[in-house]
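Report on the structure given below.
The values are calculated or read from the model by the stated rules, or taken from the named source; none is laboratory data. Only a predicted model underlies this, so the values are computations on that prediction, with no experimental measurement involved. Cβ coordinates were reconstructed from backbone atoms using ideal geometry, including for glycine residues, and neighbour counts include every protein chain displayed. Accessible surface is based on the protein model in full, side chains and every heavy atom, while ligands, DNA and RNA are left aside. Shrake-Rupley method; radii C 1.70, N 1.55, O 1.52, S 1.80 Å.
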Amino acid sequence: MLFTPGKISSLLLHNRLVRSATAERLAHDDGAPKPKLKELYRTLTEGDVGLIITGHAYIAPRGKCHPEMTGIHSDDLIPSLRKLTEAVHELEGRVAVQINHGGGNCSPETVPSPLAPSEQGAPIFKQQAQEMTEDEIEEIIDAYAQAARRGKEAAFDAVQIHGAHGYLISQFLSPLSNHRKDRWGGNLENRSRFLKHVCQAVRREVGKDFPLLIKFGIADGQDEGLSKEDGAAVLSHFQEWGLDGVEISVGFGGRRLKSIHKGVTKEEEEAYLLPLVKKARENTDLPIIAVGGYRSRKIMEQVLVGGWADFISMSRPLIREPHLPKRMKAGEQEKSNCISANHCWPEEDGKGIACKCPPLSETD
Ligand SMILES: Cc1cc2nc3c(=O)[nH]c(=O)nc-3n(C[C@H](O)[C@H](O)[C@H](O)COP(=O)(O)O)c2cc1C
């Protein structure tokens with residue numbers, strides 16, 4: 001099944017393998033991508049990835065999560081973003097842009113005084129965050145919509161809203177970070193209002209036929225956090241809010257759940273978020289993308305054939321081996337050589353993500 005076509009609304013993908021959003025850290029200070037990012041997308045397309053999802057791009061200057069993050073907060077960036085889509089389309093590939101606001105989870109280097117649903121500091125955030133006013137909430141909702149419009153104008157094939165990993169959308173959903181007493185906080189309906197308004201505003205801006213995805217943190221890994229039952233209840237509204245597909249991940253990670261597991265080397269360690277994917281499948285008919293530790297073709301096929309997910313996405317394996325899908329399709333490789341050691345982040349600014357694990361000859 002892995003190499004059969006699949007559809008997400010009007011978006012036809014030639015196989016079921018997705019590159020999960022991966023912050024490449026290959027942008028200038030103003031958010032414009034460096035030429036190396038275009039080369040990376042070209043390599044992934046040549047490697048036969050069905051859909052590339054870009055690393056998260058910030059929708060507003062106060063939502064910039066870390067240095068070297070790609071920006072989508074200004075119309076001035078559209079021409080440079082279009083160069084990325086052209087590079088992929090020349091090779092008949094498909095690329096979606098992931099849009100994000102870091103909220104309280106922005107690095108002090110990029111946002112010294114961040115905004116969040118409620119005033120809060122450590123241990124939830126790295127630094128003290130200020131509570132957003134009602135006007136600031138409305139402005140940020142519009143910033144998501146404008147970012148999505150820029151994505152469409154830059155010829156991305158889809159937009160993915162980042163609704164996971166403890167960033168702003170997770171912060172509104174989670175009782176760990178949302179202590180508001182107004183219509184944006186309190187019960188689940190109020191805590192999910194921000195996400196609902198973001199989805200609806202984005203949909204209005206991009207029109208009814210443009211493919212719109214979300215990466216959704218369906219549960220936090222902490223006792224007082226978002227439960228998977230509450231996450232699933234939110235997810236059951238996605239179709240009515242205008243979304244076309246959902247990638248399942250976690251919100252605030254914690255002891256019980258993590259978005260990135262270290263040391264996935266055995267089959268039984270793969271597909272570590274599958275229980276959450278199954279929960280999602282019970283609550284939506286939308287196409288589902290499963291992520292988290294997919295390494296061998298056998299496990300990927302099982303998840304697709306089982307009907308739990310429609311697509312499989314990978315991050316770290318495609319940093320190490322961007323041509324993995326092509327090699328799997330040709331029968332040259334059944335399993336990724338990624339050992340999930342988490343040595344993918346740049347060692348210094350300007351270098352971008354790269355696999356720093358020993359080369360194959362030393363691991364074999
Ligand atoms: C270097 C790096 C950067 C990442 N950046 C993002 C990101 O920008 N947006 C996002 O949703 N997830 C991001 N992730 C998480 C991955 O998309 C994925 O959910 C996670 O790594 C699990 O998949 P894997 O086991 O295939 O690596 C990142 C992961 C890594 C390793």
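For this structure, a couple of remarks:
For every residue, the table says whether it meets (1) open to solvent by less than 50 Å² (accessible area, probe 1.4 Å); (2) of a type in the set (A, V, I, L, M, F, W, C); (3) within 16 Å of the ligand (Cβ to nearest atom); (4) in a loop (DSSP other than H, G, I, E, B).
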| residue | (1), (2), (3), (4) |
| --- | --- |
| 2 | yes, yes, yes, yes |
| 7 | no, no, no, no |
| 15 | yes, no, no, yes |
| 18 | yes, yes, yes, no |
| 31 | yes, no, yes, yes |
| 42 | no, no, no, no |
| 45 | yes, no, no, no |
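- Each residue in the range 317-330 was checked for being part of a helix (DSSP H, G or I) and either over 20 Å from residue 263 (Cβ atoms) or open to solvent by 20 Å² or more (accessible area, probe 1.4 Å) (or both), and 7 of them qualify.
- Taken as a whole, the range 25-44 holds no residue that is in contact with a strand residue (DSSP E or B) (Cβ under 9 Å, 6 or more places away or on another chain) and of a type in the set (Val, Ile, Thr).
- Residues that are in a loop (DSSP other than H, G, I, E, B), open to solvent by less than 10 Å² (accessible area, probe 1.4 Å), of a type outside the set (Ser, Thr, Tyr) and under 30 Å from residue 255 (Cβ atoms), drawn from the range 88-120: 101, 102, 106, 111, 114, 117
- Test: residue 175 is over 27 Å from residue 204 (Cβ atoms), at pLDDT 95 or above and not aliphatic (A, V, I, L, M): yes
- Among the residues of the range 149-160, those identified as surrounded by fewer than 24 Cβ atoms within 10 Å (Cβ to Cβ) and either under 18 Å from residue 101 (Cβ atoms) or in contact with a strand residue (DSSP E or B) (Cβ under 8 Å, 6 or more places away or on another chain) (or both) are 149, 152, 154, 157.
Quick grid of which residues meet (1) among the charged types (D, E, K, R); (2) open to solvent by less than 20 Å² (accessible area, probe 1.4 Å); (3) part of a helix (DSSP H, G or I); (4) more than 18 Å from residue 171 (Cβ to Cβ):
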residue	(1), (2), (3), (4)
186	no, no, no, no
196	yes, no, yes, no
219	no, yes, no, no
224	yes, no, no, no
237	no, no, no, yes
248	no, yes, no, yes
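- Members of the range 38-71 that are of a type in the set (A, V, I, L, M) and more than 20 Å from residue 166 (Cα to Cα): 40, 44, 49, 51, 52
- Among (1) part of a helix (DSSP H, G or I); (2) touching a residue at least 60 places away in the same chain (Cβ under 8 Å); (3) open to solvent by less than 10 Å² (accessible area, probe 1.4 Å) - the single one residue 137 does not satisfy: (2)
- Of all residues in the range 20-29, those that are within 12 Å of the ligand (Cβ to nearest atom), of a type in the set (D, E, K, R) and on the phi < 0 side of the Ramachandran plot total 1.
- Out of 318, 304, sole residue that is more than 10 Å from the ligand (Cβ to nearest atom) and at pLDDT 95 or above: 304
- Residue under evaluation residue 233, criteria (1) hydrophobic (A, V, I, L, M, F, W, C); (2) part of a helix (DSSP H, G or I); (3) under 19 Å from the mean Cα position of the chain (by Cα), criterion not met: (3)
- Failed item, numbered, when residue 85 is tested on (1) open to solvent by less than 10 Å² (accessible area, probe 1.4 Å); (2) assigned to a helix (DSSP H, G or I); (3) farther than 30 Å from residue 38 by Cα; (4) among the polar types (S, T, N, Q): (3)
- Here residue 272 clears all of (1) open to solvent by 10 Å² or more (accessible area, probe 1.4 Å); (2) within 14 Å of the ligand (Cβ to nearest atom); (3) under 27 Å from residue 26 (Cβ atoms) except the condition numbered (3).
- Residues being surrounded by fewer than 17 Cβ atoms within 10 Å (Cβ to Cβ) and assigned to a helix (DSSP H, G or I) - total across the range 288-308: 4
Results for (1) within 14 Å of the ligand (Cβ to nearest atom); (2) open to solvent by 40 Å² or more (accessible area, probe 1.4 Å); (3) assigned to a strand (DSSP E or B); (4) closer than 23 Å to residue 165 by Cβ, shown as yes or no for each residue.
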residue: 261; (1), (2), (3), (4): yes, yes, no, yes
residue: 284; (1), (2), (3), (4): no, no, no, yes
residue: 332; (1), (2), (3), (4): no, yes, no, no
residue: 348; (1), (2), (3), (4): no, yes, no, no
residue: 356; (1), (2), (3), (4): yes, yes, no, yes
